[in-house]
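Asks: Mind looking over this structure? Questions follow.
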Amino acid sequence: MDFCYTSAAMVDRRLTPLDPMSASPSPPPPTPVPQGSHEFADRLLAESIRCLEESQGAMLDEPDAERQAREAGGSFEQRLLHRARHLRVSADLQRALGQLRWASLIILVLAGTLAFAAGLTAGSTALGSDEDANVYWILGSLLSLPILTLLLWLVLWWLRPSALHSLTLGSAVLALARRLDRWLHQGQAAWAATRASVAVFGGGALGRWLLSAITHGLWALFLGGCLLMLVAVLAFRQYSFYWETTILSEQSYVPLTRGLAWLPERLGFSTPGVEQIRASRWEGAGQAPRLAPGAWSGFLLGSLVVYGLLPRLLLLALSLFMIHRESRRYRLDPGLPGFERLRPRLLPVATSLGVVDPDPGPNPLPPTPAPQSDVGTGPPALLGLEIAPPSCGWPPPAQDIAWWDLGIINTREDFRRVLTALSAASEPPRLLVVICSLATTPDRGIRNQLLRLGRETTVPLALVLTEGQRLRVRERHAEMDQRIHHWRALGSEVGIDDTRVVTVDLDHLTPASQAVLARLIGTESSRAVASALDEAFALIVTHARRWSVNPGSAEQAELQQQILQCYRARQRHWPGFLQLSGDPRRLGAELQDGARQMAALLPGRLRQDPRWLATGAMTGALGCIAAATLLTPVAISGLPLWAGLGAAVAFAMNPGQKPTGALEAPALDLGEAVASAALFAMLLELQGLEEQAITEFLDRLLPAEPPRLEDAGAVAHWLDALRQRFDALRLEYRP
Amino acid sequence: MSEAVLRVAVVGHTNTGKTSLLRTLTRDPDFGQVANAAGTTRHVEGVKLLIDGEALIELYDTPGLEDSMGLLDLLEENQQERRFRDWLAQIQRFLDSPVASEEFEQEAKVLRQVLACHAVLYVIDARDRILGKHRDELEILARCARPVVPVLNFVASPEALTREWREHLSRAAMHAVAEFDTVVVAETGELRLFEKLKSLLDPFDGLLSRLIEDLKRRRENLRLASADLIADLLLDVAAYRLVVPLASEEAEQAMATLKHTVREREQRCVDELLALHRFRAGDVVSQSFPIEEGRWGLDLFSPTSLQTFGIRAGSGAAAGAAAGLAVDVLSAGISLGVGTATGAALGALFSTARQHGRRIADRLRGFSELRASDATLRLLALRQIALSRALIRRGHAAQEQIRLNAPTEAGQDWIRGRLPPVLGQAKLNPHWSRLDPASREDATDRQAARDQLAALLGATLAGGLDTDHGG
């Protein structure tokens, strides 16, 4: 089943390596890769690096080591270890760890020596110089402490293992070792090594076994010292052993001694028999020489070995074995923050497989659409394609039109039904109006459906795009324009004339949009009264046709003058800044005023866009010029104001800076000029509303950027859409 | 029988967000191309999802299905001719026919990929109405004999018709429906998606369980690591102080230095948070308090920043150059600093006489101590908490940038309650601050304090992140 796979390039696109070789010196040779049992040392190193990074506050940034870690592959932990080995500071940290080990060793040796010496001392003092030796007293003094601590160790081990880390000899030794290391070596590496060793040995099973080993070892040395001293003393001096008691009796001591002696006997030590025990009771000083000193000394030494030394030795062996096992089993905890922060660098979430089935190139050319004949005489047909029933009702109200209502369809069966109905019609309709939703993406499916409609029925098509508001809510304005553009492209692919593709939002039907529909179908609605805004927009389109390239300020001023005349004819109010004094000397200042006030009317969001700001300022300034020329009819080009225009606009755009010298007015391109004129017209239309309301209105109406329009056709479409939105919003703002 | 690698095809009508979904799942904002038009993706591109470095799941982004109605018509035409009942063979024959490389090229690519995979994720834009073409698409996919998990995208949008879609899908016998929103990613959206896959794919049960566990662990670790970063920042800033003589020019200079240092430190925290969550600096912007190009736009020390989060500046707040700072001046006597409890001070004095002896000596000689104020600490905490939350939540597909919307989402205790005692401790330990070049590195108590504060912040982060969508 593996067809269609090209050779998959396993490129890790997420983390492309930098090129380190050119800039930095060659990386140091990695510390020799250890095998097998040295893995624990690796982990310790990785922990030290983590501690170092944590104390520094920032990750060590070495893309080289990271790249090698990624290439090495494996689990996250393995990559961490790999990275740790290849960092530059690793050598320092290894050294610091080694120094810590040495310090520990020194302290250990010292402690061991101390323990041994203590044992020797204890042994000698226990026996004393007196000839008579109280067996149990000696045993007690020598064994009590070791046995007690052994019991303590056992209890803690089972009940509160964590307390072991502070209450044992081992922990004291390790703490001393750390102190020594601190005293001997300073620096971040040493600090990190210490912290790492605390982290690794301070918490878990490994640490506990290590402490136990040290503790048992020290006690074993102590007991060994005792034993040695005892043997030496007993070899060169003569003692007679006895036992004595005040509250206990013979009956308790004999079985006790026999019981205690059982194990040493097994091991080969000579122990006193029952009679000998009885006979050894203290009778007072200077009695007959005690019996069987050999047996008693055997008993003494044997108990020391069995109840003191042996357990410690066994536990020491166990601890060492467990240390070995645990160190093999020790794993880094990748959940620690210090490691987690390395995850994005070492462990990508995904790697690319590349393109598996490549793009073959552009789509095959769509089949040429059949020529649309206008021979149909029947009423226009109406078809809704994948839309929801609009809120204006279905069919949409358009005056005096008898639709042939084909309904709203979206399935294959319905489509076939429509096709047969259209083909079989006795009186083919003169136009098929297809209503599609702007919110849907125009795709090949819709294209093919439209093609079939046109081809199989030979009825000319018209395309009405609705649900613009729905799309606007979802997307931003730029997406909106793009979507309309795609639909227009689809229309031309299918062979629909550009004038027959319109955007009418059926959910917000206004008289203007109804007029658009009427125009589409070919019936001019007689009751449509062209408002001042319609006239103004028509003027803009006319002028746009005349402007060959980017319009100059004079041409724009002329347009605005004519717009103003439209409104003056209908006796609308003028904005305050257009009430000019008529004094030519003050005109310059009034220009600045006008530019600034217009810019201030723009909503904040648009003021941040430099193009809108320029547009707005120009509108204001040109508006003043237009007003001035209406007051005193003078040819626009003859005005001496043009020098002031640039300054006025610049001042409006950067209120903080005083413009110096004569400035050129900003050159607006076609889209901006059209937007400027439209803004002017709408401002005149909105007179009577408060400034705040006007700003809000403009905020909801205008896109983020002035449009980029290429020709008069695009201008007409844009103004059309703007007009409809204007109407829809106007309903909400009644003065 | 279980195989080593699970292959999943991501399929859907054109422009429903397939590529965006894959961007989110792979944490790669550069994967493929996303545009608001038909036919943006025209090839089949694969990615491997890695679990602990091991590739276990392959996802394939496919071109959108555009003309499924036409395709179904074609398939049924052929069916009538040959009276074929085996749908899978029917599709295979379609793929072998010449029309598959011409008119229905895109659909053919998709179907080939589906046949090469073990499962299909069928992505639906939940804002779309349920139309005939969707039914036809599901029909075609059903004939491919692969388990299909429908994924409803854009469920966070107000227009989403989630309930209607679920009903429709259950009528087509698809009950394991996943919900997603690649713009506003819910905490568990990704997890639930894989859980639904797991419920339909028995042979891959173990594999998918591993993936799900890995995702959960990753999310948890991210939260903890973020909390740790913020804790580190707070400790550094809380402990940082500058000592200046009371003369005015030096004090002004010192204030400027302090502010600059604190700002830089915050910036470093932001950079590290972004890196931790695999984002680039340019990806984050906010509406009400802008972050642009990875920097907080609103100054840390401006009163507006405090207001945005609802923090009150405090009674003794200084204005102007000293805004956001706490200035402790020894005034004729015993004052040991704003907000220092006497008991704690005495205890600290007792234990670390050497450090504090110097502080007291400084004060007696007429120096003053500059620190960041409590309000600033709160603001730092809240900002970074808000950022972390947004980062944990956000998918990698949003073309728009993060909107850090509600200051009210952050822990209320940080706005109004008492500051954690650890921070009070930090104020008494200036050597905890790494911002001070003279600090020593050997603060073991700092590590303990950092862990404590990180645990607290971790709980705050967890508390605010609840699932937005069920099922």
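The values are calculated or read from the model by the stated rules, or taken from the named source; none is laboratory data. These numbers come from a predicted model, not from an experiment. Don't worry about glycine lacking a Cβ; one is built from the backbone with ideal geometry, like all the others, and counts go over all protein chains shown. Side chains are part of the model used for accessible areas, which takes the heavy atoms of the whole protein and leaves out ligands, DNA and RNA. Shrake-Rupley method; radii C 1.70, N 1.55, O 1.52, S 1.80 Å.
Asks: What lysines could a cross-link reach from B:Lys259, if we take a straight Cα to Cα line under 21 Å and drop same-chain neighbours fewer than 8 places away?
Replies: List returned: B:Lys427.
Asks: Is the stretch A:186-284 best put as rounded, prolate or oblate by its Cα gyration tensor, with a ≥ b ≥ c the root eigenvalues, rounded for a/c under 1.5, and otherwise prolate when a/b is larger than b/c, oblate when not?
Replies: prolate
Asks: Using a basic spin-label model with each label point 7 Å from the Cα along Cα→Cβ, how many nm lie between A:Arg160 and A:Ala554?
Replies: 9.9 nm
Asks: Something else: Can you give me the solvent accessible area of A:Arg237 with a 1.4 Å probe, rounded to the nearest 10 Å²?
Replies: 120 Å²
Asks: Using only protein heavy atoms and a 1.4 Å probe, report how much of A:Met59 is accessible, in Å² to the nearest 10.
Replies: 30 Å²
Asks: Provide the FRET efficiency to the nearest 0.05 for the B:Gln33-A:Leu105 pair, computing r from the beta carbons and using R0 = 56 Å.
Replies: Efficiency, rounded to the nearest 0.05: 0.35.
Asks: Here is a further query. Tell me, what HN-Hα J-couplings in whole Hz come from the Karplus equation 6.51 cos²θ - 1.76 cosθ + 1.60 at θ = phi - 60° for each residue of the stretch A:562-567, using x for Gly and Pro?
Replies: With the stated coefficients, the stretch A:562-567 comes to 5, 4, 4, 5, 3, 6 Hz.
Asks: While we're on this one: Return the sequence-ordered ³J(HN,Hα) values of the stretch A:448-464 in whole Hz as given by the Karplus equation 6.51 cos²θ - 1.76 cosθ + 1.60 applied to θ = phi - 60°, using x for Gly and Pro.
Replies: Coupling constants for the stretch A:448-464: 5, 5, 5, 4, 5, 4, x, 6, 7, 10, 6, 9, x, 9, 10, 10, 10 Hz.
Asks: Pull out a ≥ b ≥ c, the square roots of the eigenvalues of the alpha-carbon gyration tensor of the stretch B:1-116, then state rounded if a/c is under 1.5, prolate if not and a/b is larger than b/c, and oblate in the remaining case.
Replies: It comes out oblate by the Cα gyration axes.
Asks: Under 5 Å between amide H atoms, partner at least 5 residues away or on a different chain: which partners does A:Gly384 have, H built in plane at 1.01 Å?
Replies: Amide H neighbours of A:Gly384: A:Gly407, A:Ile408, A:Ile409, A:Ile435.
Asks: Further, regarding this structure: With all protein chains present, calculate the accessible area of B:Thr16 using a 1.4 Å probe and round the result to the nearest 10 Å².
Replies: Ignoring ligands and nucleic acids, B:Thr16 comes out at about 0 Å².
Asks: Quick one: ranking A:Arg50, A:Arg208 by accessible area, 1.4 Å probe, largest first, what do you get?
Replies: Per-residue accessible area, sorted high to low, gives A:Arg208, A:Arg50.
Asks: Cα centroid distance between the stretch A:252-270 and the stretch A:49-108, in Å?
Replies: With the stretch A:252-270 and the stretch A:49-108 each reduced to a Cα centre, they are spaced 56 Å.
Asks: Averaged across A:332-339, how many Cβ atoms of other chains sit within 10 Å of each residue's Cβ atom?
Replies: For peptide A:332-339, the averaged partner shielding equals 4.
Asks: For A:Thr503, which sequence-distant residues (separation of 5 or more, or a different chain) have an amide H within less than 5 Å of its own amide H, given hydrogens modelled in the peptide plane?
Replies: Distant-sequence amide H within range of A:Thr503: A:Leu465.
Asks: Using the Karplus curve 6.51 cos²θ - 1.76 cosθ + 1.60 with θ = phi - 60°, work out ³J(HN,Hα) for each residue of the stretch A:105-116 in order, rounded to whole Hz, and write x for Gly and Pro.
Replies: Listing the rounded values in order: 4, 4, 4, 5, 5, 4, 4, x, 4, 4, 4, 4 Hz.
Asks: I want to check the label-to-label distance for B:Ser209 and A:Leu689. Put each point 7 Å from Cα in the C-beta direction and report it in nm to one decimal.
Replies: Placing both labels 7 Å beyond Cα along the Cβ direction yields 6.4 nm.
Asks: Give the cross-link partners of B:Lys196 among the lysines, using a straight C-alpha distance below 27 Å as the criterion and excluding same-chain residues fewer than 8 apart.
Replies: B:Lys18, B:Lys48, B:Lys109, B:Lys133, B:Lys216
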